[in-house]
Amino acid sequence: MTERNVAVAASTTLLHRAAIPALVGDNDLVIIDQFAHASLHMATELLGNTYVARIRHSHMQKLELMIQEFAHRHERIWYIADALYSMRGDYAPFRELSVLLDRYQKLHVYLDDAHSTSWYGERGRGAALSHLPNIERVVVALSLNKSLSAAGGAVALSTPELKKRVYACGGTMLFSGPIQPPMLGAAVALGETTSFTRASYSSGRS
Ligand SMILES: Cc1ncc(COP(=O)(O)O)c(C=O)c1O
């Protein structure tokens with residue numbers, strides 16, 4: 001599905017709750033779309049010392065103005081959103097986001113692509129991994145539920161170090177259980193036509 005480094009959790013909600021606090025720093029700014037999935041909003045509530053701002057749906061002009069206004073005060077600026085919105089059925093503005101990623105090196109993007117995992121793009125990698133640049137500043141969460149029909153959540157990261165950080169520092173990775181074995185078996189079987197499930201389990205959490 002993707003050649004990226006992938007960490008998995010028992011659900012996408014648990015995945016966000018591990019990955020977002022592990023990736024976002026105290027000196028970062030988080031800008032989250034008003035219609036981002038509830039599991040993303042809930043995960044940002046775990047960011048104790050980090051400023052979190054809500055932005056109007058897919059408002060890229062406002063996002064650019066905020067980057068220009070706040071970049072000097074923050075190490076990184078995270079835009080958190082859905083890649084394919086669960087309630088509205090629209091896609092994130094990938095083209096505009098790619099332009100902003102190119103223009104502003106402080107911009108990082110974390111997208112929840114639960115809804116296009118497995119049926120969209122090369123080997124079912126989803127819309128975000130198909131349309132955004134394959135760079136470290138782009139993080140994409142996938143779902144092993146929904147149309148993949150197994151269970152769990154996954155996050156595609158650019159380096160083994162980031163994957164290690166999510167497993168080592170993500171709260172739910174430490175106190176919540178892994179994908180249940182029957183559903184893990186289903187995910188691995190379904191992933192036989194892809195690459196990401198095998199990579200996750202051969203070098204990740206045991
Ligand atoms: C976009 C999106 N993200 C996350 C979730 C939560 O997924 P899970 O049930 O795996 O926690 C959902 C659930 O419907 C969703 O639509």
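Quick notes on this structure:
Condition check ((1) under 20 Å from residue 158 (Cβ atoms); (2) in contact with a Ser or Thr (Cβ under 9 Å, 6 or more places away or on another chain)) across all residues:
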| position | (1), (2) |
| --- | --- |
| 57 | no, no |
| 63 | no, no |
| 73 | no, no |
| 79 | yes, no |
| 91 | no, yes |
| 94 | yes, yes |
| 98 | yes, no |
| 102 | yes, no |
| 111 | yes, no |
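- Filtered residue count, the range 32-43, keeping only those that are surrounded by fewer than 21 Cβ atoms within 10 Å (Cβ to Cβ) and in contact with a strand residue (DSSP E or B) (Cβ under 6 Å, 6 or more places away or on another chain): 2
- Considering residues of the range 72-101 that are over 16 Å from residue 32 (Cα atoms) and among the small types (Gly, Ala, Ser) only, the residue surrounded by the fewest Cβ atoms within 10 Å (Cβ to Cβ): 89
- Condition met for residue 79 (away from the ligand (no atom under 14 Å from the Cβ), among the hydroxyl-bearing types (Ser, Thr, Tyr) and within 15 Å of the chain's Cα centre (by Cα)): yes
- If the condition is being part of a loop (DSSP other than H, G, I, E, B), farther than 30 Å from residue 104 by Cα and either within 16 Å of the chain's Cα centre (by Cα) or of a type in the set (Val, Ile, Thr) (or both), then the range 161-181 contributes only 179.
- All of (1) among the small types (Gly, Ala, Ser); (2) in contact with a helix residue (DSSP H, G or I) (Cβ under 7 Å, 6 or more places away or on another chain); (3) assigned to a loop (DSSP other than H, G, I, E, B) hold for residue 36 with one exception: (2).
- The conditions of being buried (at least 20 other Cβ atoms within 10 Å of the Cβ), within 15 Å of the ligand (Cβ to nearest atom) and farther than 14 Å from residue 138 by Cα are met by residue 14.
- Only one of the numbered conditions (1) within 13 Å of the ligand (Cβ to nearest atom); (2) among the small types (Gly, Ala, Ser); (3) touching a residue at least 24 places away in the same chain (Cβ under 8 Å) is violated by residue 25, and that is (1).
- Filter pass, residue 116 being of a type in the set (Ser, Thr, Tyr) and crowded, with 18+ Cβ neighbours inside 10 Å: yes
- Set 43, 19: member being within 16 Å of the ligand (Cβ to nearest atom) and touching a Pro at 6+ places or on another chain (Cβ under 8 Å): 43
- Taken as a whole, the structure places residue 189 among residues that are more than 21 Å from residue 20 (Cβ to Cβ), surrounded by fewer than 21 Cβ atoms within 10 Å (Cβ to Cβ) and modelled with pLDDT under 95.
- The range 129-146 residues that are without any contact (Cβ under 8 Å) to a residue 12 or more places away in the chain, paired with ones that are buried (at least 23 other Cβ atoms within 10 Å of the Cβ) (beta carbon under 9 Å, 6 or more apart): 130/116
- Number of the exception - residue 196 against (1) more than 15 Å from residue 3 (Cβ to Cβ); (2) surrounded by 14 or more Cβ atoms within 10 Å (Cβ to Cβ); (3) modelled with pLDDT under 95: (1)
The values are calculated or read from the model by the stated rules, or taken from the named source; none is laboratory data. Everything numeric in this text was worked out from a predicted model, so none of it was measured. For neighbour counting, all protein chains shown are included, and Cβ atoms are generated from backbone atoms with ideal geometry for every residue, glycine included.
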